[in-house]
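Data first, discussion second: the structure below is written as structure tokens.
Just so it is clear, none of the values below were taken in a lab; they were calculated from the coordinates. For clarity, every value in this text was computed on a predicted model and none was experimentally measured. Cβ placement follows ideal geometry from the backbone for every residue including glycine, while neighbour counts extend to all protein chains displayed.
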Amino acid sequence: MKIILGPSSKELGEKIADLTGFPKVPVASKIFPDGESYIRLESNVQNEHAVIVQTTSKPQDTNLMQLIFMVNAAKRNGARKITGVVPYLAYARQDKIFLEGENVSIESVAALLEKAGLDELITVNIHAETALEKFPFPTRNLTAIPTIAEYFVKKGYRNAFALAPDKGALYIARQAQQVLCGEAGSLDKTRDRFTGQTKQTGKPLNVKGKVVIVFDDIINTGGTIVGAAKILKEHGATEVYAACVHGLLVGDAEKRMLDAGIEEIVATDSVPGLNSKVSLAPLISEALRAL
Ligand code: R5P
């Protein structure tokens, strides 16, 4: 097995290679003045199981094209099997038709990757596992929630209340609860499909005087966390933390959350950034060793 260090996840790829001991394949990349991408594998993957580590967060389309190009390059180089490790899988949230006339974005992504020659995909906390049904080859969805919860345990927050901002994420809060050994619960959230606006409501929550960690798969604009923080403070929570796997954190998301009283934002290196305090490398390395 050889680890191809995709440009969007170079550091994560290096950590995975160091942990597993598999050789690294550096990738030269550049963006032409007109915006097109160029990549070149800097060492050979002939007859190898090539593992490409490349997240597809912002700039999604560029990172996705680079992934496709690396798959094509590995195929042309004679790799016997190609696995894509794509911690944040772009377009996974458009996995069905919500409004008439829409497309199913993840279906197109899956078709492109298959055509390029990808044999297998490993991702992390995909928004809905149903999106993986669009892939015509084996896929695996890992969960980083226990690893993130461990981060909080190490900081001394064992027994913190694990909260999901909506019912769909309750399974995430429950996974965190397994590690934190405290309580778990969820708020309710509805989204207007036309405006994208969300509305949250709190059922009676027993968070008075407690430390609460809001766990979600993605933090995008931070609106969900800001709404949750408001409700939690109203219900008497003493400290509120925000934790997610994919910290997209667009625009002033971080400032909005801190202004809303969030103590700390914790994300993984699925999306590299200042808040990527938890590395996915051990989790992914374990999954690769088991292949
Ligand atoms: C959606 O249901 C996801 O799980 C997240 O809750 C959502 O993407 C967060 O978005 P935002 O940070 O913009 O509220």
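Report, to two decimal places, the Cα Rg of the chain normalised by 2.2 N^0.38 Å (N = number of residues). Mind dumping the intermediate values first?
Details: Rg = 19.7 Å, N = 291, 2.2 N^0.38 = 19.0 Å.
Cα Rg divided by the expected 2.2 N^0.38 Å: 1.03.
Pick from Arg40, Arg256, Arg193: which is most flexible by mean-square fluctuation in a GNM of the chain where alpha carbon atoms under 10 Å apart are linked?
Among Arg40, Arg256, Arg193, the largest GNM mean-square fluctuation belongs to Arg193.
Which angle from 0 to 90°, rounded to the nearest 10, does the C-alpha axis of helix 60-76 make with the longest principal axis of the chain?
Taking the Cα atoms of the chain, the angle to 60-76 is about 30 degrees.
Rounded to the nearest 10 degrees, what's the angle between the helix 145-154 long axis and the longest principal axis of the chain, both from Cα atoms, 0 to 90?
Between the helix axis and the principal axis of the chain, the angle is about 60 degrees.
Checking the cross-link filter: which lysines have an alpha carbon closer than 23 Å to that of Lys210, excluding same-chain neighbours under 8 positions apart?
Lys210 reaches Lys154, Lys155, Lys167, Lys189, Lys230, Lys233.
Non-local amide H neighbours of Asp166 (under 5 Å, H modeled in plane, Pro and chain starts lacking H): which ones?
Counting only residues 5 or more places away or on other chains, the set is Leu187.
Sorted by mean Cβ packing within 10 Å, highest first, what order do the peptides 238-244, 279-285 take?
Highest-to-lowest ranking by the protection proxy: 238-244, 279-285.
Mind pulling the angle between the C-alpha long axis of helix 170-180 and the longest principal axis of the chain? Nearest 10 degrees, somewhere in 0 to 90.
Orientation of helix 170-180: about 80 degrees from the principal axis.
If each residue's Cβ is checked for other Cβ atoms within 10 Å, how do Tyr88, Tyr38 rank with the fewest at the top?
The order, fewest Cβ neighbours first, is Tyr38, Tyr88.
I need the peptides 22-29, 42-49, 153-160 ranked by packing, meaning the mean over residues of other C-beta atoms within 10 angstrom, with the highest value on top. Mind showing how you got there, number by number?
Working: 22-29: 17.5, 42-49: 15.5, 153-160: 14.0.
Those peptides, ordered most packed to least, come out 22-29, 42-49, 153-160.
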